[in-house]
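Engineer: Right, I'll just put the structure down here and ask away after.
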Amino acid sequence: MATTPQEKRIILKNIDQDGYTRDIDCYLANGGYEVLKQTVTKNPADLCKEIETSGLRGRGGAGFPCGMKWKFLDRKSGKPIYLICNADESEPGTFKDRQIIHKDPHQLIEGMMCSTFAIQAACAYIYIRGEFPEGAKILEEAIEEARKKNFVGKNICGTKYSCEIYVHRGAGAYICGEETGLIESLEGKRAYPRIKPPFFPAVLGLYQCPTAVNNVETLCNVKHVFDMGGEEYAKIGKPGNTGTRILCVSGHVKKPGYYEFEVGSLTLGQLIYDVCGGLPDGRKLKAVIPGGSSAKVLRADERYTGKTKGGEEFDWSLEDIPLDFDSLMAAGSMAGSGGVIVMDDTTDMVEALGNINAFYAHESCGQCTPCREGSLWMKKITTRMLEGQPRLEDVDLLKSVADQIAGRTICAFGEACAWPTQSFVLKFRDEFIAKAEKQINENAPSSQPAIAGKE
Amino acid sequence: MSDTQTETEEFSLSSETLAKIDEVITHYPEKRSATLPLLHLVQEEKGYISRPAMEWIADKLGLTPINVYELVTFYPMFREKPVGRRHVRVCRTLSCALVGSHKTCKVLQDKLGCELDGVSEDGEFSIEYAECLAGCGTGPVLMVDDDFYENIDEAKAAELAERLKTEKKD
Ligand SMILES: Cc1cc2nc3c(=O)[nH]c(=O)nc-3n(C[C@H](O)[C@H](O)[C@H](O)COP(=O)(O)O)c2cc1C
Ligand code: SF4
Ligand code: FES
């Protein structure tokens, strides 16, 4: 029997510990803001180097190297630099940032102030989703506490460096998580993502100024990189996949929740069975979405074969897949936002996809025709497979709609909404055909108006 | 038209909200950025965003009313009509659906006497679906106004409905 993988809690270290509270006194008693005090005495360029050395990759979804993102910031323009914390946390299956905000807000604020100093930002915003009213209040209170102690605001820790943090609430639109949509929203407009090029945030971001947008968990990690040094940090995890990762497990497991591990230190099987207590009694694993709802679904009874980035051959069962950015990509999906959704053998895959498609149809911002129309049609087709009058061709039609979205849109939502349909239909084709057949038989023409066959 | 005009004349905000509005505008180098915060503040006080409210906000920020209106129609949390005194939002997205959020929602509809997207006859309750509320590990999750509730299965939904009904204002 394999031993239960050990959690390695860096970000979640204090969270849920007995007696740990979110106020600044408790944070200070646990060594809080010591890293910031050290950081502001250092050279900002050296600090950015540390982040590069650490190999820290973004935890918001794309896994982009944080050091490189900061390096792209246009410092020659002379315009003010902004830091934005992406606390929109709306990717279905993801629920880690909310825990950090509610239970350890000062860790985020310290991480942010370390980051603003490193990139010499003039001002920072936390863009928090509208459905976190309590989270927004908690952050505002924490910022106020930190300001009183001179960790935020003017002349931080007695230096010449000044920087404010403001909390900005969204209002229920998922697309505000996309960084350029977020910036538009912060400018007081509809969250229409911007076209890249030319609108890379590092050059033309908020108010057309250089802007770094980073996820909550990424910014918390910055503090720990500065604490231990880039080289030490890079020893955690795997090369190219450094540090820890918070995994959020939901769906059909006995112990859903958030867990923090060294990246790549455990497999999907260990996560599901050893950490999360396995599936409900008598149920079998059917499928897993490993990185938020837009990640491609993985089927339980399949072999995953190929070559890793390093050129090693692999032949994995679903349970064998190591949980790191590169391995999940090699298996045909992605680590994404760390949201692992587990489905057992009672799950109707058409229903599951119908649910996901309803989400994306609701959340498309509507700028690009392939995404706006495609997401709507994917929803319509899955809905009629479930409760209307489908046709057998619908299975292929569904896939062909999805195939025409990805790569033809302004932002990555296009891919995000196409991947579920593409992967569900590919992996569970039989189930989709059986569903369409059953529905056709049950909704035979005699029981339905003749016109209903037409769209 | 005359309707709108009388409403415009009547549109006013508490001094507390006005103070918050003036403060929040200072957070941004460009006033327009304060549109979402102002919409939130107005909705918190009034319960919804009326046409006169949009005009008032536009005026305050030096925008045209369409700049405000287009946000109200884009962002799902802003509403142009009042909802119930207690507003319930049940997560309908996958992780919650896998553990029965639709049943939770049905129980609440029955017990609180309102349809989905509707308001109960006494104006007390309203229910809508929300997309993933970032509590997927403790589903089904829902919000009642600003409060978050986790692990609400059918039995707990029935209890919650009873409690909300006893908290009813007369
Ligand atoms: C449709 C869409 C939704 C996104 N939602 C979020 C989100 O809710 N939170 C987040 O941190 N990043 C989200 N992202 C990723 C951001 O665009 C961006 O990559 C991220 O904030 C960068 O931070 P990181 O480098 O620290 O990961 C989303 C991206 C897309 C395309
Ligand atoms: S891909 Fe979709 S969400 Fe992104 S800009 Fe286009 S329409 Fe909007
Ligand atoms: S799916 Fe319901 S909270 Fe995420």
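Derivation of every value follows stated rules applied to the coordinates shown; laboratory data play no part. Keep in mind the model is a prediction, meaning the values are calculated, not measured. Virtual Cβ from ideal backbone geometry, glycine too; neighbours counted across all protein chains shown.
Engineer: Simple spin-label model, 7 Å along Cα-to-Cβ: A:Glu312 to A:Lys49 in nm?
Structural biologist: 3.2 nm
Engineer: One quarter of the convex hull surface, Cα atoms only: what value does that give for chain A in nm²?
Structural biologist: Mean orientational projected area (chain A, Cα hull): 23.3 nm².
Engineer: Could you tell me how many degrees, from 0 to 90 and to the nearest 10, lie between the Cα long axis of helix B:51-61 and the main elongation axis, the longest principal axis, of the Cα atoms of chain B?
Structural biologist: That helix lies at roughly 60 degrees to the long axis.
Engineer: State whether region A:1-44 is rounded, prolate or oblate according to the following rule on the C-alpha gyration tensor (a ≥ b ≥ c being the square roots of its eigenvalues): a/c under 1.5 gives rounded; otherwise a/b larger than b/c gives prolate, and the remaining case gives oblate.
Structural biologist: In terms of gyration-tensor shape, oblate.
Engineer: Hey, got the dipole for region B:94-170? About the Cα centre, +1 on K and R Cβ, -1 on D and E Cβ, debye to the nearest 20?
Structural biologist: In total the dipole reaches around 280 debye.
Engineer: Tell me whether region B:1-101 comes out rounded, prolate or oblate; compute the Cα gyration tensor, take square roots of the eigenvalues as a ≥ b ≥ c, and use a/c under 1.5 as the rounded threshold.
Structural biologist: Judged from the Cα gyration tensor, region B:1-101 comes out prolate (a/c at least 1.5, a/b above b/c).
Engineer: Hey, another quick one. Just to confirm the filter: which trypsin sites (Lys or Arg not before Pro) across region A:130-162 are DSSP coil and have at most 10 other Cβ within 10 angstrom of their Cβ?
Structural biologist: Loop-located and lightly packed - A:Lys160.
Engineer: A:Lys307: which aspartates and glutamates have alpha carbons under 20 Å from its alpha carbon, excluding same-chain residues fewer than 8 sequence positions away?
Structural biologist: The qualifying aspartates and glutamates are A:Asp315, A:Glu319, A:Asp320, A:Asp324, A:Asp326.
Engineer: Please work out the FRET efficiency for the pair A:Met329 and A:Arg283, using the Cβ-Cβ distance as r and a Förster radius of 41 Å; give the result to the nearest 0.05.
Structural biologist: After rounding to 0.05, the efficiency reads 0.90.
Engineer: Given the DSSP H assignment, sum -39500 (n - 2.57) over each helix run of at least 4 residues in the protein assembly as shown and divide by its residue total; what's the result at 222 nm in deg cm²/dmol, nearest 500?
Structural biologist: -12500 deg cm²/dmol
Engineer: For region A:250-352, what is the convex hull volume of its Cα atoms per residue in Å³?
Structural biologist: That works out to 92 Å³ per residue.
Engineer: Let me ask something else. Hey, what do the phi angles of region B:147-153 turn into as Karplus ³J(HN,Hα) couplings, whole Hz, using 6.51/-1.76/1.60 and θ = phi - 60°, x for Gly and Pro?
Structural biologist: Each residue's phi maps through the Karplus curve to give 8, 9, 10, 10, 6, 8, 7 Hz.
Engineer: Among the listed pairs A:Lys255/A:Lys379; A:Lys189/A:Lys223; A:Lys76/A:Lys189; A:Lys438/B:Lys103; A:Lys13/A:Lys149; A:Lys286/B:Lys111, which have their C-alpha atoms separated by more than 26 angstrom in this model?
Structural biologist: Pairs exceeding 26 Å: A:Lys255/A:Lys379; A:Lys189/A:Lys223; A:Lys76/A:Lys189; A:Lys286/B:Lys111.
Engineer: Which whole-Hz couplings ³J(HN,Hα) result when phi for each residue of region A:294-308 is put into the Karplus expression 6.51 cos²θ - 1.76 cosθ + 1.60, θ = phi - 60°, listed in order with x for Gly and Pro?
Structural biologist: Working through the residues one at a time gives 8, 5, 5, 6, 10, 8, 5, 9, 10, 9, 10, 10, x, 10, 6 Hz.
Engineer: Which angle from 0 to 90°, rounded to the nearest 10, does the C-alpha axis of helix B:15-25 make with the longest principal axis of chain B?
Structural biologist: Taking the Cα atoms of chain B, the angle to B:15-25 is about 80 degrees.
Engineer: Taking N as the number of residues in region A:24-235, what value does Rg over Cα atoms divided by 2.2 N^0.38 Å take?
Structural biologist: 0.94
Engineer: How much FRET efficiency would the formula 1/(1 + (r/R0)^6) give for A:Met68 and B:Glu121, where r is the Cβ-Cβ distance and R0 is 56 Å, rounded to 0.05?
Structural biologist: 0.45
Engineer: Under the classification rounded if a/c is under 1.5, otherwise prolate if a/b is larger than b/c and oblate if not, where does region B:15-74 fall, given a ≥ b ≥ c as square roots of the Cα gyration tensor eigenvalues? Walk me through the intermediate numbers first.
Structural biologist: Values: a/c = 1.71, a/b = 1.11, b/c = 1.54.
Cα axes put region B:15-74 in the oblate bin.
Engineer: Taking the simple approach of a point 7 Å from Cα along Cα-to-Cβ for both A:Arg75 and A:Gln17, what is their distance in nm?
Structural biologist: 3.5 nm
Engineer: While we're on this one: Which distance in nm do the two modelled labels at B:Ser14 and A:Thr369 give, with both placed 7 Å along the Cα-to-Cβ direction?
Structural biologist: For the pair B:Ser14/A:Thr369, the computed spacing is 5.0 nm.
Engineer: Convex hull volume of the Cα atoms in chain B, per residue, in Å³?
Structural biologist: For chain B, the hull spanned by Cα atoms encloses 139 Å³ per residue.
Engineer: Please list, in chain and number order, the residues 5+ apart from A:Ile126 or on another chain whose amide H is under 5 Å from its amide H, with Hs placed from the backbone.
Structural biologist: Close amide H contacts, sequence-distant or interchain: A:Cys85, A:Tyr166, A:Val167, A:His168.
Engineer: Shifting gears a bit: Taking 0.36 nm per residue of separation and subtracting the Cα-Cα distance, what length does fully extending A:Asp430 through A:Thr383 add?
Structural biologist: 15.2 nm
Engineer: Considering only DSSP beta bridges with both partners in chain A, what is the antiparallel share in %, to the nearest 5? Please report the intermediate quantities before stating the final value.
Structural biologist: Details: 22 of 43 bridges.
If we restrict to bridges inside chain A, about 50 percent are antiparallel.
Engineer: Now for a different question. By count of other Cβ within 10 Å, fewest leading, how are A:Glu178, A:Glu145 ordered?
Structural biologist: Listed from fewest to most nearby Cβ atoms, that is A:Glu145, A:Glu178.
Engineer: Which whole-Hz couplings ³J(HN,Hα) result when phi for each residue of region A:27-43 is put into the Karplus expression 6.51 cos²θ - 1.76 cosθ + 1.60, θ = phi - 60°, listed in order with x for Gly and Pro?
Structural biologist: 4, 5, 4, 9, x, x, 6, 5, 5, 4, 4, 5, 4, 6, 9, 9, 8
Engineer: Using R₀ = 60 Å, calculate the FRET efficiency as 1/(1 + (r/R₀)^6) where r is the Cβ-Cβ separation of B:Glu23 and A:Glu319; round to 0.05.
Structural biologist: 0.65
Engineer: Counting Lys and Arg as +1 and Asp and Glu as -1, each charge on the Cβ, what is the dipole of the protein assembly as shown about the Cα centre in debye, to the nearest 20? Don't jump to the answer; show the numbers that get you there.
Structural biologist: On the way: 75 positive and 93 negative charges, 314 e Å.
It comes to approximately 1500 debye.
Engineer: OK, next. Scale the Cα Rg of region B:86-169 by the rule-of-thumb value 2.2 N^0.38 Å and send over the ratio, two decimals.
Structural biologist: Details: Rg = 11.5 Å, N = 84, 2.2 N^0.38 = 11.8 Å.
For region B:86-169, the normalised Cα radius of gyration is 0.97.
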